[in-house]
Every structure is written in structure tokens, then in C-alpha cells.
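Reviewing the structure listed below.
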Amino acid sequence: MRPEPGQVLHFSEDPSITRFVPHRAATAQQPEKYVWAVDHALSPAYWFPRQCPRAMAWVTAGSSEADRERIIGPGCGERVHAVEYGWLDRMRTVSLYAYRLPASAFRPFGDSAVVAVEPVVPLGPAERVGDLFALHEEAGISLRVLPGLWPFWDAVTGSSLGWSGIRLRNALARSVE
């Protein structure tokens with residue numbers, strides 16, 4: 001599930017939204033109100049239940065071959081997403097929807113998303129995203145299931161790979177060793 005040219009996507013578990021109104025997210029670090037969406041490249045980061053913690057890594061122009069092999073793995077493509085075992089059932093059963101929104105209403109926000117400062121009406125009804133595992137497979141993205149995210153996260157953030165973490169506050173606590 002990716003946007004077509006001229007579109008961006010907003011992912012939600014609510015299929016009944018008819019108008020997106022700018023708001024300040026509870027976890028926002030800025031005071032402004034926005035409608036958030038993602039482009040083609042960032043869509044895979046949202047192929048998860050909304051509250052699911054996930055850590056992601058991908059090859060960039062500056063990535064070392066050693067980091068690629070160590071973290072993504074041989075023969076595993078250019079990108080890996082990781083989740084905890086406790087989220088597997090939810091990944092299998094979630095009803096996730098994508099809303100197609102006009103890209104013209106949005107502007108870039110850092111490297112991670114696009115935002116609108118005015119209300120936005122979807123281009124059509126919500127579309128069911130479908131099988132999240134199949135989406136990852138079709139996109140060539142390895143999906144790793146781990147007992148906990150923190151060892152993977154520490155390796156990724158200390159590497160030369162590109163990386164992102166979403167909803168990490170919902171991850172299991174770090175183990176004390």
C-alpha cells in the first residue's frame with residue numbers, strides 16, 4: 001500500500017474519517033498543529049498496528065558493507081523492520097486502513113513525513129491495507145521478530161545504516177544484565 005503520484009497516505013485503524021483536522025500529537029516536540037502523512041518511501045514504516053513499537057534499518061549511500069551484513073543480513077535485501085513477539089497476533093489481525101490525500105496540501109517536515117496546516121479531505125474512502133506480512137514480502141523488506149527491540153535498536157543506531165524507530169515507548173523494558 002503506497003500512494004500514487006500526487007498523493008500521500010495517512011494510516012489509521014479508523015475507517016470512518018471524512019476530514020483530517022490539524023492537531024498537536026501527544027508526543028509532539030513542537031507546538032504547531034498538523035495533519036501528518038507519508039510519501040511513497042516512508043509508507044512501509046506504517047505497515048503496522050498503530051501502537052506497535054518497531055525499529056527499522058536500511059542501506060544508505062554511506063552504509064558500510066560490514067554493517068549491512070551484520071544488521072540486515074546476507075541476502076536479506078536493503079531494509080529490515082523489527083517487532084517484538086508480543087505484537088505478532090496483532091499484526092495478523094489488525095484492520096489497518098490507508099487514506100489517500102492530495103500531496104499538494106502538504107509540505108515536507110524534516111526527513112520523516114509531510115504535514116498540512118489546514119484541514120484535508122481524503123480523495124476517497126479508506127482502503128483496507130491487507131496482509132501486513134505480505135506487504136513486507138512484496139516490497140522486499142525483511143521482517144524480524146525479536147524477544148525485545150533494544151539490542152537491535154542499539155546495534156542499528158550505532159551503525160552506518162539509516163534507521164528509524166516508531167512507538168518505541170511501547171516496547172518491552174530494557175533487560176537489566
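Throughout, read-outs are computed from the coordinates displayed, never taken from laboratory work. None of these values were measured; they are calculated from a predicted model. Here the Cβ is made from the backbone with ideal geometry for all residues, glycine too, and neighbour counts use every protein chain on show.
A few points about this structure:
- Loop-located trypsin sites (Lys or Arg not before Pro) in segment 10-42 (DSSP state other than H, G, I, E, B) with a sparse environment of at most 11 neighbouring Cβ atoms within 10 Å: ARG19, ARG24.
- Sites listed here are trypsin sites (Lys or Arg not before Pro) in segment 77-143 whose DSSP assignment is loop and whose Cβ has at most 13 other Cβ atoms within 10 Å, and the list is empty.
- Top of PRO74, PRO22, PRO102 by mean-square fluctuation, Gaussian network on the chain, Cα under 10 Å: PRO74
- Site pair GLU13 and ASP39 shows an inter-label distance of 2.9 nm when each label is modelled 7 Å from Cα along Cα→Cβ.
- For the options GLY86, GLY158, GLY77, a Gaussian network treatment of the chain with springs between C-alpha atoms closer than 10 Å singles out GLY158 as fluctuating the most.
- Where labels lie 7 Å past Cα in the beta-carbon direction, separation of ALA26 and ARG107 in nm: 2.9 nm
- Footprinting exposure proxy ranking of MET56, MET1, fewest other C-beta atoms within 10 angstrom first, gives MET1, MET56.
- The chain: relative contact order in percent, alpha carbon pairs under 8 Å with at least 6 residues between: 34 percent
- For segment 96-141, pairs of C-alpha atoms spaced more than 12 angstrom apart make up 71 percent of the total.
- Between GLU78 and THR60, the distance separating the two model label sites (each 7 Å from Cα on the Cα→Cβ line) works out to 1.5 nm.
- Extents of the chain, largest first, come to 46, 35, 34 Å (Cα atoms, principal axes, whole angstrom).
- Using the Cβ-Cβ distance between GLU138 and ARG169 with R0 set to 35 Å, the FRET efficiency from 1/(1 + (r/R0)^6) comes to roughly 0.75.
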